[in-house]
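Heads up: the structure comes next, in structure tokens.
The values are calculated or read from the model by the stated rules, or taken from the named source; none is laboratory data. Because the structure is predicted, anything quoted here is derived from the model rather than measured. Positions of Cβ are generated from backbone atoms using ideal geometry, with glycine treated the same way; all protein chains shown enter the neighbour counts. Accessible surface is based on the protein model in full, side chains and every heavy atom, while ligands, DNA and RNA are left aside. Shrake-Rupley method; radii C 1.70, N 1.55, O 1.52, S 1.80 Å.
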Amino acid sequence: MTASISEALYELCGFARVSCEAELVVALEVDAGYRATAVAVSPTLPLSSFNLRNSRIFEHAWASSPVSASELRLPSAVINGLPALPTFVLFVPAGLDHAPYSGLLLLWTAPDAPPPLVRHVPLLAGSVASALGRRREAVRQAAIRDQFNDLLESVPAGIVVFDGDGHGAMVNERAAQLLGTEPGRHEASDVAEPMRMLRERCDNRMELDALYEGHMANVHYSVTTHWMLGERTYEVDTHPVHGDGERGRIWLFSDVTAELRMAANLRKMAETDPLTGAANRRSLESEFARIMKTPGARDRAFSVLMVDVDHFKQINDTHGHSVGDEVLREVAARCRTALREGDLFARFGGEEFVAVLAAPQEAELTAIAERLRRSIAGSAFRSGTLSIPLTVSVGIASGTGRDAPPASFLATLIEQADDALYAAKQSGRNRVVSYTRQRLAG
């Protein structure tokens with residue numbers, strides 16, 4: 001309720017009291033259940049709400065003449081506000097849709113009848129009804145604003161709402177903390193500037209500038225993207241109110257840092273061998289498929305190295321599976337050290353590992369494979385008092401994927417490298433064998 005409406009009702013009550021020499025005038029809002037609220041009182045008194053069901057006020061056909069107070073049963077809340085018992089009462093009906101029994105109540109305590117001017121009081125009915133209606137609407141709008149503010153603060157996101165006229169903006173507590181401003185109503189320019197400065201601090205500000213610049217000509221645009229601020233990431237959704245940019249624009253800032261980290265961890269778990277920390281087979285195949293989609297990849301040569309730990313079953317049987325697990329972790333670490341940056345490496349299963357190398361020359365490929373073999377065989381694996389000699393057998397296959405889908409091309413290279421690995425095992429282990437049909441056929 002605005003102060004001007006309260007003042008208007010009070011002035012109406014005051015005018016009626018003075019002009020009619022009344023002791024008390026009350027503007028009442030009375031609902032269908034006869035529950036009355038004193039919305040303005042002259043002179044000012046702390047009247048509480050009360051019920052007028054049994055007052056007999058609404059049984060009387062009111063005109064312009066007061067009636068004896070003895071004909072009515074006035075509530076004690078009203079009587080207690082008078083210096084003496086009331087002698088005359090006049091009620092001016094001013095009903096509203098939501099409060100059909102509303103009106104203006106006048107009371108006198110003098111023994112003499114009210115002055116003749118009282119007959120004109122019913123002329124105030126329209127003004128009273130109008131003021132009560134405006135008060136009711138103001139209360140309703142205030143309740144809506146309070147509900148809206150409660151909603152703004154209950155949503156787990158920063159919210160900025162710009163008015164359609166471009167002059168005002170509403171900022172909730174979370175958005176205010178993010179923007180370094182105060183929550184509540186603001187001039188639009190006082191909010192737009194902190195938002196611009198926040199975007200400039202983003203790690204991906206150039207990407208964001210290009211994105212929003214492309215939509216500035218469309219007042220109805222909708223965009224959802226990420227603003228990256230150091231260790232925090234915010235999902236920022238902006239869209240017009242009810243799809244109409246002329247009605248305003250909403251910005252939602254949701255901190256998705258935890259969700260993104262969880263998603264990254266889940267992806268890592270899905271793509272990583274939990275024992276060795278190397279990529280798993282699914283991740284290897286997915287990354288290779290991605291590489292094969294890059295320009296010119298189908299014309300380049302690729303090589304696969306299949307690596308198998310020699311006598312691994314004997315290590316497990318002799319020293320236990322916990323030591324075997326440590327051995328696999330050590331082998332994986334040494335393999336990664338021996339390979340080039342950018343080479344794909346994964347645990348293929350059991351004691352087997354696979355590496356995919358892009359476009360190596362034959363001599364370089366052999367050197368890499370031998371370096372890997374020597375990195376394993378060069379020193380024993382040590383754990384406490386244990387010292388376990390380690391060696392690996394390596395099979396190599398090479399080719400281009402010009403005429404085959406990436407998945408079948410990789411599967412063919414792995415199958416050929418596995419054949420070469422088998423040959424390395426058969427010929428004594430701790431060696432590198434390259435796939436050739438002639439060699440394997442012999």
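I'd like to verify a number: residues in the stretch 94-118 that are outside any loop (DSSP other than H, G, I, E, B) and either hydrophobic (A, V, I, L, M, F, W, C) or under 16 Å from residue 60 (Cβ atoms) (or both), how many? So that I can check it myself, show each step before the final result.
Initial filter on the stretch 94-118 (outside any loop (DSSP other than H, G, I, E, B)): 103-108, 116-118.
Still in the list and also either hydrophobic (A, V, I, L, M, F, W, C) or under 16 Å from residue 60 (Cβ atoms) (or both): 103-108, 117-118.
Summing the residues that are outside any loop (DSSP other than H, G, I, E, B) and either hydrophobic (A, V, I, L, M, F, W, C) or under 16 Å from residue 60 (Cβ atoms) (or both) in the stretch 94-118 gives 8.
Output the residues belonging to the stretch 69-93 that are in a loop (DSSP other than H, G, I, E, B) and closer than 20 Å to residue 30 by Cα. Walk me through how you get there before you give the answer.
Looking only at the stretch 69-93, we keep the residues that are in a loop (DSSP other than H, G, I, E, B), and these are 72-75, 80-87.
72, 73, 74, 75, 80, 81 - these are the residues of the stretch 69-93 that are in a loop (DSSP other than H, G, I, E, B) and closer than 20 Å to residue 30 by Cα.
Considering only residues of the stretch 367-390 that are more than 53 Å from the chain's Cα centre (by Cα) and of a type in the set (Val, Ile, Thr), which is farthest from residue 305 (Cα to Cα)?
Once the filter is applied, the top-ranked residue is 385.
When the residues of the stretch 351-375 are narrowed to those that are open to solvent by 40 Å² or more (accessible area, probe 1.4 Å) and among the small types (Gly, Ala, Ser), which ends up farthest from residue 299 (Cα to Cα)?
In this case the residue turns out to be 367.
Please count how many residues of the stretch 77-133 are at pLDDT 90 or above and acidic (Asp, Glu).
1
Among the residues of the stretch 44-68, count how many are assigned to a helix (DSSP H, G or I) and either open to solvent by less than 70 Å² (accessible area, probe 1.4 Å) or touching a residue at least 24 places away in the same chain (Cβ under 8 Å) (or both). Talk me through it step by step, then tell me what you get.
Step one: filter the stretch 44-68 for residues assigned to a helix (DSSP H, G or I), giving 57-59.
Then keep just the ones that are either open to solvent by less than 70 Å² (accessible area, probe 1.4 Å) or touching a residue at least 24 places away in the same chain (Cβ under 8 Å) (or both); that gives 57-58.
Selection size over the stretch 44-68: 2.
Every residue, every condition in (1) modelled with pLDDT of 95 or more; (2) not acidic (Asp, Glu), yes or no:
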| residue | (1), (2) |
| --- | --- |
| 271 | no, no |
| 282 | no, yes |
| 307 | yes, yes |
| 311 | yes, yes |
| 342 | no, yes |
| 358 | no, yes |
| 367 | no, yes |
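In the stretch 1-43, which residues are touching a Ser or Thr at 6+ places or on another chain (Cβ under 6 Å) and without any contact (Cβ under 8 Å) to a residue 60 or more places away in the chain?
Those that are touching a Ser or Thr at 6+ places or on another chain (Cβ under 6 Å) and without any contact (Cβ under 8 Å) to a residue 60 or more places away in the chain: 14, 37.
Is it the case, given these coordinates, that residue 95 is without any contact (Cβ under 8 Å) to a residue 60 or more places away in the chain and in contact with a helix residue (DSSP H, G or I) (Cβ under 8 Å, 6 or more places away or on another chain)?
Details: without any contact (Cβ under 8 Å) to a residue 60 or more places away in the chain: yes; in contact with a helix residue (DSSP H, G or I) (Cβ under 8 Å, 6 or more places away or on another chain): yes.
Yes: the conditions hold for residue 95.
I'd like the full set of residues that are surrounded by fewer than 19 Cβ atoms within 10 Å (Cβ to Cβ), of a type in the set (Val, Ile, Thr) and either in contact (Cβ under 8 Å) with a residue 60 or more places away in the chain or over 17 Å from residue 369 (Cα atoms) (or both), limited to the stretch 383-440.
Hits for the stretch 383-440 are 385, 388, 391, 400, 412.
Which condition breaks for residue 219 when tested against (1) touching a Gly at 6+ places or on another chain (Cβ under 6 Å); (2) of a type in the set (Val, Ile, Thr); (3) closer than 30 Å to residue 330 by Cα?
It fails just one condition, (3).
Applying the selection to the stretch 208-244, what residues are under 15 Å from residue 160 (Cβ atoms) and of a type in the set (A, V, I, L, M, F, W, C)?
223, 227, 236, 241
Just to be sure before I move on: is residue 233 open to solvent by less than 30 Å² (accessible area, probe 1.4 Å), in contact with a helix residue (DSSP H, G or I) (Cβ under 8 Å, 6 or more places away or on another chain), assigned to a loop (DSSP other than H, G, I, E, B) and not charged (D, E, K, R) in the structure I sent? First the steps, then the outcome.
Working: open to solvent by less than 30 Å² (accessible area, probe 1.4 Å): yes; in contact with a helix residue (DSSP H, G or I) (Cβ under 8 Å, 6 or more places away or on another chain): yes; assigned to a loop (DSSP other than H, G, I, E, B): no; not charged (D, E, K, R): yes.
In short, no.
Does residue 257 meet the test of being farther than 22 Å from residue 328 by Cβ and modelled with pLDDT of 90 or more?
Details: farther than 22 Å from residue 328 by Cβ: yes; modelled with pLDDT of 90 or more: yes.
Answer is yes for this residue.
Every residue in the stretch 340-352 that is at negative phi and more than 42 Å from the chain's Cα centre (by Cα), please. Walk me through how you get there before you give the answer.
Pass one, the stretch 340-352, residues at negative phi: 340-341, 343-348, 351-352.
Answer for the stretch 340-352, where residues must be at negative phi and more than 42 Å from the chain's Cα centre (by Cα): 351, 352.
Looking for whichever is within 21 Å of residue 164 (Cα to Cα), out of contact with any helix residue (DSSP H, G or I) (no Cβ under 8 Å at 6 or more places or on another chain) and in contact (Cβ under 8 Å) with a residue 12 or more places away in the chain here; the options are 201, 185, 247, 196. Which one fits? Write out each step before concluding.
Numbers: 201 fails: within 21 Å of residue 164 (Cα to Cα); 247 fails: out of contact with any helix residue (DSSP H, G or I) (no Cβ under 8 Å at 6 or more places or on another chain); 196 fails: in contact (Cβ under 8 Å) with a residue 12 or more places away in the chain.
On inspection, the qualifying residue turns out to be 185.
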